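Below is one structure, written out as structure tokens; comments come after it.
The values are calculated or read from the model by the stated rules, or taken from the named source; none is laboratory data. Quantities reported herein were computed from a predicted structural model and do not represent experimental measurements. Here the Cβ positions follow ideal geometry from the backbone for every residue, glycine too, while neighbour counts run over all protein chains shown.
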Amino acid sequence: MTTWNKAYQTNCWGGLGGDATGVTSIAQLTYRTFGDIEQAIREIGALGYRGCEIFDGNLLDYEGRLGDLRAILDASGVRLLATYAGANFIFEEILEEELIRIERAAAAAAEAGASYLVVGGGARRAGGTGPDDFRRLGAGLERVVAIAGKHGLTAHYHPHLTTLTESAEDVRAALAETSIGLCPDTAHLAAAGADVPALIREHRERISYVHLKGFRADPFAFTPLDEGSLDMDAVIDALRDIGYAGWVLVELDSWPDPRAAAARSMAYLERAEAAGS
């Protein structure tokens, strides 16, 4: 029977955004959930998830008092598994500022006991992708690999809509320029037209951390794992086929009742595990 350690993103417990100071100060441009992170952790643990991922901005709110965060995690039976950050990566003039921010998040994540650093991004220029943009992205991601290693973390790259890496072809182009691990986000890849199970099988050697998310094409929405246009059973089969034995992190950007959505996804995973026994 294939079973996985299960984790959940805290971002569903509030509106998604970023720090407005980042408009003028690149080193401050973190992702952020405008919600109660401690409530999210408690409810994630109560539902049986044993790990969580936190946006870099919410994690850095605990900078200098990470013991408070660890106390909430311990009381909830949840470990901090990863933090998520993003960057443009392709603009050399601001890259150092972006990396300063990513390193702050990596240091905080490591101090709080995390294993992974996940980054998304690679800007899409207003005038279209430049001929060197994937090379520039790869060079930036190699810097992320070094930062993660310095703090005892494993770095992963997360394809994302509206960034340089959306489609299966984009994933190939990005991975050709870097040694970073791949964190496939099933919904973003499906929304970009990728055959997600095929992509998982193709890049099996690069995958040691996974974001599972449901996707509905019309009307467009991200969903719990038991709903939507994406054949999640086929995704699970692909993970079994490659012998995936790492953590699976369920993510859902927003939902009217985040706890109920997390419960639905946990129930789906438990059914899928039982069906594969």
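Quickly run through segment 186-209 and pick out the residues that are touching a strand residue (DSSP E or B) at 6+ places or on another chain (Cβ under 6 Å), surrounded by fewer than 23 Cβ atoms within 10 Å (Cβ to Cβ) and within 20 Å of residue 155 (Cβ to Cβ).
203, 206, 207, 208
List the number of the failed condition for residue 232; all other conditions in (1) surrounded by 21 or more Cβ atoms within 10 Å (Cβ to Cβ); (2) closer than 18 Å to residue 53 by Cα; (3) touching an Asp or Glu at 6+ places or on another chain (Cβ under 8 Å) hold.
(2)
Counting only residues that are without any contact (Cβ under 8 Å) to a residue 40 or more places away in the chain and not charged (D, E, K, R), which one in segment 215-224 is surrounded by the fewest Cβ atoms within 10 Å (Cβ to Cβ)?
Among them, the one singled out is 219.
Please go through segment 142-172 and give me each residue that is within 23 Å of residue 96 (Cα to Cα) and of a type in the set (A, V, I, L, M), ordered by number.
Across segment 142-172, the qualifying residues are 144, 145, 146, 147, 148, 153, 155, 164.
So the check is Cβ under 8 Å with 6+ separation or different chains; which pairs have a first residue in segment 59-85 that's under 18 Å from residue 104 (Cα atoms) and among the acidic types (Asp, Glu) and a second one that's outside any loop (DSSP other than H, G, I, E, B) and modelled with pLDDT of 95 or more?
Sorted first by the residue in segment 59-85, then by its partner, the pairs are 61/37; 63/104; 63/108.
Looking at this structure, is residue 94 of a type in the set (A, V, I, L, M, F, W, C), touching a residue at least 40 places away in the same chain (Cβ under 8 Å) and either in a strand (DSSP E or B) or crowded, with 19+ Cβ neighbours inside 10 Å (or both)?
When the stated conditions are applied, residue 94 does not pass them.
Looking only at segment 30-44, which residues are in contact (Cβ under 8 Å) with a residue 60 or more places away in the chain and either of a type in the set (Phe, Trp, Tyr) or assigned to a helix (DSSP H, G or I) (or both)?
Of everything in segment 30-44, those that are in contact (Cβ under 8 Å) with a residue 60 or more places away in the chain and either of a type in the set (Phe, Trp, Tyr) or assigned to a helix (DSSP H, G or I) (or both) turn out to be 40, 43, 44.
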